[in-house]
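First up is the structure itself, then whatever we jot down about it.
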């Protein structure tokens, strides 16, 4: 589990601001579910045979004897909230959430025990156009962030009935090659054979490549849904690759599954993944309803922003206020508040600490502020402020206090970009 430092926080703020803007443009509304849920919620939704439930959940028994878990993912929480509050009674609902998730797994680059996700869910919509909408939304997010070289892979797992028939074929195939299975795959063969297709073991790849593919065993409705999705993506100019081996690590997926992947993050190459989970609402206790969504790993995405040299807007102060003398120090506090009253967007840092005038100016320079605002007894008496350009050659000037906000606004220019 890691801290987010002041130097890293602007990347998170940029991502969150862009995400909120894009999600609002598509009509999605924010929800804030709890971090702790009943353990049974994840056992029923994520699946007993998954690594998440078997090995990775942080679970404890509370004083009332109830088993609770820190959420390992958020789709189940979003669906539980929709069922509990009756949001689907009047039709579909589009919702999203940003927050921390928890999994006890081996920490490595791009993977932490506390990690953060953006979850986007469209509940109550059966149409393939809504699957496409989620993919288009995520593509627009990459565009707005300035990210490049992220590829889309799609597949279909089919309906529950189609999956059951496919599962039998898959088990029969791997049973015929049991001696070639590694330990994890041998265990999954009895509990969750589709997860074998997601094995990262290089020694398993040839065997997996020859295994039956889900898209070759779809029922008619699932095949038509998948074909409509592909056509919608083509019509929208979204390039994609049908990855016949793509499965998701959670048991609730049915039909469409997709991932956005990159070659720039090493083994942890997926930055976003999701798909359709049409049985989950009923599984959690609601009336049968279709659903689809995706989750995006924020730590990985920010790492990709850094790798591609995409920087957040500047957060350094626009101005640094230096006061010399007791009278000036008292006046400086009032002056700073007056400036903020006139211009609430200005980033103004007031010097704190003892030291000579020279040392205070050094602190102003280290702050990366554009201007030093200087107030001494003389300035207090004349109701002026000294303005020193720390990043340019302009001579220091003195301005009436009333003219300072307008002067700074003119000199700083467009502060929307920093």
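The values are calculated or read from the model by the stated rules, or taken from the named source; none is laboratory data. Predicted model only: the values in this text are computed from it and were never measured. Please note: Cβ atoms are built from the backbone with ideal geometry, for glycine as well, and neighbour counts cover all protein chains shown.
Is at least one residue of segment 204-213 surrounded by 12 or more Cβ atoms within 10 Å (Cβ to Cβ), touching a residue at least 60 places away in the same chain (Cβ under 8 Å), in contact with a helix residue (DSSP H, G or I) (Cβ under 9 Å, 6 or more places away or on another chain) and over 22 Å from residue 133 (Cα atoms)?
no
Matching residues to (1) under 17 Å from residue 157 (Cβ atoms); (2) touching a strand residue (DSSP E or B) at 6+ places or on another chain (Cβ under 7 Å); (3) modelled with pLDDT of 90 or more:
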position	(1), (2), (3)
237	no, no, yes
241	yes, yes, yes
249	yes, no, no
258	yes, yes, yes
266	no, no, no
269	no, yes, no
279	yes, no, no
294	yes, yes, yes
305	no, no, yes
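Considering only segment 323-355, state which residues are within 16 Å of residue 386 (Cβ to Cβ) and over 39 Å from the mean Cα position of the chain (by Cα).
323, 324, 325, 327, 328, 329, 331, 332, 335
Applying the selection to segment 21-37, what residues are surrounded by 15 or more Cβ atoms within 10 Å (Cβ to Cβ) and assigned to a helix (DSSP H, G or I)?
22, 23
So that you can scan it fast, the table gives a plain yes or no per residue for (1) touching a helix residue (DSSP H, G or I) at 6+ places or on another chain (Cβ under 9 Å); (2) at pLDDT 90 or above; (3) part of a loop (DSSP other than H, G, I, E, B); (4) more than 29 Å from residue 13 (Cα to Cα):
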site: 321; (1), (2), (3), (4): yes, yes, no, no
site: 349; (1), (2), (3), (4): yes, yes, no, no
site: 368; (1), (2), (3), (4): no, yes, yes, no
site: 388; (1), (2), (3), (4): yes, yes, no, yes
site: 398; (1), (2), (3), (4): yes, yes, no, yes
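Tell me, yes or no, whether segment 101-113 has at least one residue that is in contact with a helix residue (DSSP H, G or I) (Cβ under 7 Å, 6 or more places away or on another chain) and crowded, with 22+ Cβ neighbours inside 10 Å. Steps first, answer last, please.
Here is the first cut: in segment 101-113, the residues in contact with a helix residue (DSSP H, G or I) (Cβ under 7 Å, 6 or more places away or on another chain) are 103-105, 110, 112.
Now restrict to residues that are crowded, with 22+ Cβ neighbours inside 10 Å: none.
Scanning segment 101-113, I find no residue that is in contact with a helix residue (DSSP H, G or I) (Cβ under 7 Å, 6 or more places away or on another chain) and crowded, with 22+ Cβ neighbours inside 10 Å, so the answer is no.
Could we say that residue 71 is in contact with a helix residue (DSSP H, G or I) (Cβ under 6 Å, 6 or more places away or on another chain), assigned by TED's automatic domain parsing to the domain that holds residue 103, within 17 Å of residue 295 (Cα to Cα) and modelled with pLDDT of 90 or more here? Explain how you work it out, then say what you get.
Details: in contact with a helix residue (DSSP H, G or I) (Cβ under 6 Å, 6 or more places away or on another chain): yes; assigned by TED's automatic domain parsing to the domain that holds residue 103: yes; within 17 Å of residue 295 (Cα to Cα): yes; modelled with pLDDT of 90 or more: yes.
Here the answer is yes, as residue 71 does meet what is asked.
Is it the case that residue 84 is free of Cβ contacts under 8 Å to residues at least 40 places away in the same chain, more than 30 Å from residue 308 (Cβ to Cβ) and in the same structural domain as residue 302 (by TED's automatic domain parsing)?
So residue 84 passes the test.
Name the residue, out of 301, 335, that is crowded, with 19+ Cβ neighbours inside 10 Å, touching a residue at least 24 places away in the same chain (Cβ under 8 Å) and in the same structural domain as residue 403 (by TED's automatic domain parsing).
Details: 301 fails: in the same structural domain as residue 403 (by TED's automatic domain parsing).
When all the criteria are applied, what remains is 335.
Consider segment 366-394. How many of its residues are in contact with a strand residue (DSSP E or B) (Cβ under 8 Å, 6 or more places away or on another chain) and closer than 21 Å to residue 413 by Cβ?
11
Go through segment 224-266 residue by residue and tally those that are free of Cβ contacts under 8 Å to residues at least 12 places away in the same chain and either closer than 19 Å to residue 212 by Cα or not in a loop (DSSP other than H, G, I, E, B) (or both).
5
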